[in-house]
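I have a structure here, written as structure tokens, and I will follow up with some questions on it.
The values are calculated or read from the model by the stated rules, or taken from the named source; none is laboratory data. This is a predicted model, so every value here is computed, not measured. Neighbour counts run over all protein chains shown; Cβ positions are idealised from the backbone, glycine included. Side chains are part of the model used for accessible areas, which takes the heavy atoms of the whole protein and leaves out ligands, DNA and RNA. Shrake-Rupley method; radii C 1.70, N 1.55, O 1.52, S 1.80 Å.
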Amino acid sequence: MKIAFVGKGGSGKTTLSSLFIRHLAADGAPVVAVDADINQHLGAALGLDEAEAAALPAMGENLRLIKDYLRGGNPRIASAETMIKTTPPGDGSRLLRVCEDNPVYDACARPVELDGGTVRLMVTGPFTDADLGVACYHSKTGAVELCLNHLVDGPDEYVVVDMTAGSDSFASGMFTRFDMTFLVAEPTRKGVSVYRQYKEYARDFGVALKVVGNKVQGPDDLDFLRAEVGDDLLVTVGHSDWVRAMEKGRPPRFDRLEECNRLALRTLRASADATYELRDPERYTRQMVHFHLKNAQSWGNERTGADLAAQVDPGFVLGGSVTAGA
């Protein structure tokens with residue numbers, strides 16, 4: 001399952017994604033956690049100290065290695081230099097799986113021990129002055145999109161991505177790469193504004209979207225969210241002493257998380273799991289190709305000096321029967 005957490009800055013998106021990751025790990029599920037936010041806080045939310053979080057290898061700095069590995073023997077891709085963030089896999093490409101060892105994980109993932117299990121953590125890398133101008137931050141998140149485009153996952157395997165805040169999630173086709181998107185919203189007008197943007201933009205792409213109400217303090221907050229987001233409101237989360245302790249760097253054992261919040265996490269997992277049977281590999285691949293051709297025409301062909309439309313393998317469906325031979 002590929003799951004995204006989105007929301008405006010300060011909504012609690014990273015905190016909730018870290019709780020969900022802890023919940024999965026406590027149940028023994030294989031998890032790859034990815035911090036794709038501009039502000040890199042997922043590592044700290046998962047218990048790493050400042051030095052450990054700063055030492056995590058950046059996916060953006062290993063982009064050449066990622067491209068070389070994923071390209072494999074695909075004859076449609078002449079070189080790593082002609083791969084862009086939306087380049088789709090085809091016959092001969094190497095695919096990523098959640099439960100495997102490969103050079104991409106060796107270079108970019110680090111194990112994080114949590115109560116009940118270990119997860120692989122990957123980060124795009126922090127925003128720096130070098131990312132201003134032409135070398136924008138989206139070139140770093142492009143490493144995440146490229147990996148998602150080449151990822152094959154099964155039931156009870158999870159890739160959880162803490163996305164960049166606000167509407168920046170729409171800067172590429174990455175928002176279509178998930179089985180479920182959880183939008184974290186506070187009970188304020190600003191809190192639901194990102195929901196409205198996301199809902200409208202994602203409507204034509206069949207994105208499964210559910211709202212998690214955060215910092216809900218009473219019936220008025222709940223009524224407000226219900227009025228603003230309707231049936232998309234899946235669950236709400238209120239104050240948590242466990243989270244306060246975590247934010248101070250002293251989290252108790254995860255099994256001491258408040259029962260109401262543990263129930264909310266179980267609801268999130270059940271909602272995400274229910275989308276697995278609804279997967280449409282052909283639509284997923286078609287959307288991948290759509291954004292690739294769009295980027296190729298608008299900037300990719302000029303930047304790489306190649307006809308990137310030729311990278312599309314018309315007979316390849318990610319997750320379909322063809323994938324088994326890749």
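Pull up all non-local amide H partners of residue 151: gap of 5 or more, or a different chain, and H-to-H distance under 5 Å with H placed in the peptide plane.
It is 96, by chain and number.
Below 8 Å between Cα atoms, with a sequence gap of 6+, how large is the relative contact order for the stretch 182-222 in percent? Write out the running numbers ahead of the final one.
Details: 34 pairs, mean separation 23.9, N = 41.
So the answer I get is 58 percent.
Using a Förster radius of 30 Å, what is the FRET efficiency between residue 274 and residue 203 based on their Cβ-Cβ separation? Nearest 0.05, please. Kindly include the intermediate steps, with their values, before the conclusion.
On the way: r = 20 Å, r/R0 = 0.67.
FRET efficiency, residue 274 to residue 203: 0.90.
Still on this structure, I have one more. Counting DSSP beta bridges in the chain, what percent are antiparallel, to the nearest 5?
Details: 6 of 36 bridges.
Here the share of antiparallel DSSP bridges comes out near 15 percent.
So which lysines pass the test for residue 210, namely a Cα distance under 28 Å, with those fewer than 8 places away in the same chain ruled out?
Candidates past the 8-residue exclusion: 2, 8, 13, 85, 140, 190, 199, 294.
Further, regarding this structure: What part of the accessible area of the stretch 1-64, given as a whole %, is carbon or sulfur when the probe is 1.4 angstrom? Working shown, then result.
On the way: 1030 of 2130 Å².
Carbon with sulfur: 48 percent of the solvent-accessible area.
Would you check the accessible area of residue 269, probe 1.4 Å, heavy atoms only, in square angstrom rounded to 10?
Accessible area, nearest 10 Å²: 40 Å².
Can you list residues whose amide H is under 5 Å from residue 121's amide H, if they're 5+ apart or on another chain and H is modeled 1.01 Å from N?
Excluding prolines and chain starts, which carry no amide H, the hits are 33, 110, 112.
Any chance you could check the Cα centroid distance between the stretch 181-217 and the stretch 31-64 for me, in angstrom?
25 Å
So if each residue of separation counts as 0.36 nm, and I subtract the Cα-Cα distance between residue 106 and residue 266, what length gain in nm does that give? Walk me through the numbers on the way to the answer.
Values: separation 160, 0.36 × 160 = 57.60 nm, distance 3.10 nm.
So the chain would gain 54.5 nm between residue 106 and residue 266.
Below 8 Å, C-alpha to C-alpha, sequence gap of six or more: please give me the relative contact order for the stretch 190-326 in percent.
Details: 86 pairs, mean separation 21.5, N = 137.
Answer for the stretch 190-326 is 16 percent.
Under 8 Å for C-alpha pairs, at least 6 residues apart: give me the relative contact order for the chain, rounded to a whole percent. Don't skip to the end; give the middle numbers.
Working: 567 pairs, mean separation 86.0, N = 326.
About 26 percent, as a whole number.
Provide the solvent-accessible area of residue 41, counting protein heavy atoms only and rolling a 1.4 Å probe, rounded to the nearest 10 Å².
110 Å²
How much of residue 145 can a 1.4 Å solvent probe reach, expressed as accessible area in Å² and rounded to 10?
10 Å²
Angle between the Cα long axis of helix 189-202 and the longest principal axis of the chain, 0 to 90 degrees, nearest 10?
For 189-202 against the chain, the angle is about 30 degrees.
Can you list the aspartates and glutamates whose alpha carbon sits under 20 Å from that of residue 215, skipping same-chain ones fewer than 8 residues off?
Within the straight-line cut-off, residue 215 pairs with 162, 186, 223, 228, 231, 232, 241, 247, 258, 259.
Using amide H atoms built 1.01 Å from N in the peptide plane, name the residues 5+ places from residue 183, or on other chains, whose amide H lies under 5 Å from its own.
It is 6, 210, 211, 212, by chain and number.
May I ask you to list the residues of the stretch 43-57 whose amide nitrogen lies under 20 Å from a point 7 Å from Cα along the Cα→beta-carbon direction of residue 248?
Output list for this probe position: 44-50.
Using helices alone, I'd like the mean residue ellipticity at 222 nm for the chain: each DSSP H run of four-plus residues gives -39500 (n - 2.57), total over residue count, nearest 500.
Values: 12 runs with 116 residues, N = 326.
Calculated mean residue ellipticity at 222 nm is -10500 deg cm²/dmol.
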